[in-house]
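All remarks here apply to the structure that follows.
Nothing in this text is a laboratory measurement; each read-out follows from the coordinates by a stated rule. Since this is a predicted model, take the numbers as computed values, not measurements. Ideal geometry is used to build each Cβ from the backbone, glycine not excepted, and the neighbour counts take in all protein chains shown.
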Amino acid sequence: MQKIKIAFLLLSLLFVFSCSKETAKPDQAFDAEKAFATANEQMERKEYEEARTSFFEIRNRDLTKKYAPLAQLRIADTYIQEEEPDRAVEEYKRFLEIYPEHKYASYAQYQVAMIYFNQIESSERGYGAASKALAEFEKLKQMFPRNPYRDILDARIEKCKDILADYEFVVGTFYYNKGSYDAAINRFQALLQKYPGFRKEPEVFYSLASAYKKHGNKDKASEYFKLLIEKYPNNNLVPEAKKELSPGKK
């Protein structure tokens, strides 16, 4: 009798369990498309922290992987809107690590470059920002040759180079005025090699020639005074260069 009761109890439990399986409703599937639209609406309302939370959820729960990459990009975008460029760079770079072949990878790379580029005007970060921006722009050009930013890319690369060259010229001039002619010569020579066509090239030629003269190397001094005259005959430094080359000049 006891065995029958136990068997009946087991059958009852199995019946209840099977009924519960039939009547229980499965969890609703996560609607990534709807969640993405909602998160974008939060962005439009400038609710950046709330939007970021929504994008994080999409990134982690989107099983289709259609909206997860877009959510990762938008996470970075929220930091741009909140003026947190360093965190934005981290998130754009995370996107590039996870989705290097994605159709918006060039956008992420461009955003990284532009974050540094927009810091150039700041005097305390100008040189460092220009150096980083140049590296990121050149990476964009190399990795994504058909990127949609080609029309403006070269101009921004040239601006970065111009700032870096200007910095080298300032440092070289500092060494020259200090009497450290070897250091000045090295800076001016490196500038000419790394940044050909620099807008202050005539001044660099003149300063380099003067540094060689102070250093006692008259042949190299004459070489750069002549180069200045030949390449920039109408420059206002040419009369001074000609005086330096005159026979009576010591």
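Using bins of 10 Å that start at zero, the share of Cα-Cα pairs per bin across segment 149-210 amounts to 24, 49, 18, 8, 1, in whole %.
Taking a ≥ b ≥ c as the square roots of the Cα gyration tensor eigenvalues, with a/c under 1.5 meaning rounded and otherwise prolate when a/b beats b/c, else oblate, which class fits segment 32-147? Write down the numbers at each step before the final one.
Details: a/c = 2.90, a/b = 1.50, b/c = 1.93.
It is oblate, given that a/c is not under 1.5 and a/b is not larger than b/c.
Quick one: grab the alpha carbon gyration tensor of segment 41-101, order the square roots of its eigenvalues as a ≥ b ≥ c, and give me rounded if a/c is under 1.5, else prolate or oblate depending on whether a/b is larger than b/c. Because a/c hits 1.5 or more and a/b fails to exceed b/c, segment 41-101 counts as oblate. How many percent of Cα pairs in segment 100-242 exceed 23 Å? Summing the P(r) tail past 23 Å for segment 100-242 gives 46 percent. Here the label points at K65 and N234, each 7 Å from Cα along the C-beta direction, are separated by 6.1 nm in the simple model. Stretched out straight at 0.36 nm per residue, the stretch from K103 to E158 would grow longer than its current Cα-Cα span by 17.1 nm.
Only Lys, Arg, Asp and Glu count, each charged at its Cβ (+1, +1, -1, -1), so figure out the dipole size of the chain about its Cα centre, rounded to 20 debye. Intermediate results must be reported in sequence, preceding the final value.
On the way: 41 positive and 38 negative charges, 181 e Å.
The calculation lands at about 880 debye.
Against the set [x] 17.2, 52; [y] 32.7, 132; [z] 18.9, 64, the structure's computed Rg and Dmax of the Cα atoms in Å falls on [y]. Of interest is the spacing of the C-alpha centroids, which for segment 197-250 and segment 62-133 amounts to 45 Å. Dividing the summed -39500 (n - 2.57) terms of all DSSP H runs of n ≥ 4 by the residue count of the chain sets its mean residue ellipticity at 222 nm at -25000 deg cm²/dmol.
Mind listing the phi-derived Karplus ³J(HN,Hα) values for segment 75-82, rounded to whole Hz, using 6.51, -1.76 and 1.60 with θ = phi - 60°, and x for any glycine or proline? Working through the residues one at a time gives 4, 4, 4, 5, 5, 4, 5, 8 Hz.
Can you tell me how segment 162-249 classifies by the Cα gyration tensor, rounded, prolate or oblate, using a/c under 1.5 as the rounded cut? Oblate shape, in that a/c is at least 1.5 and b/c is the bigger or equal ratio.
The length gained by stretching the chain between N147 and F174 to full extension, at 0.36 nm per residue less their Cα-Cα distance, is 5.7 nm. Build a GNM of the chain with springs between Cα atoms under 10 Å apart, and of R74, R156, R45 the one that fluctuates most is R45.
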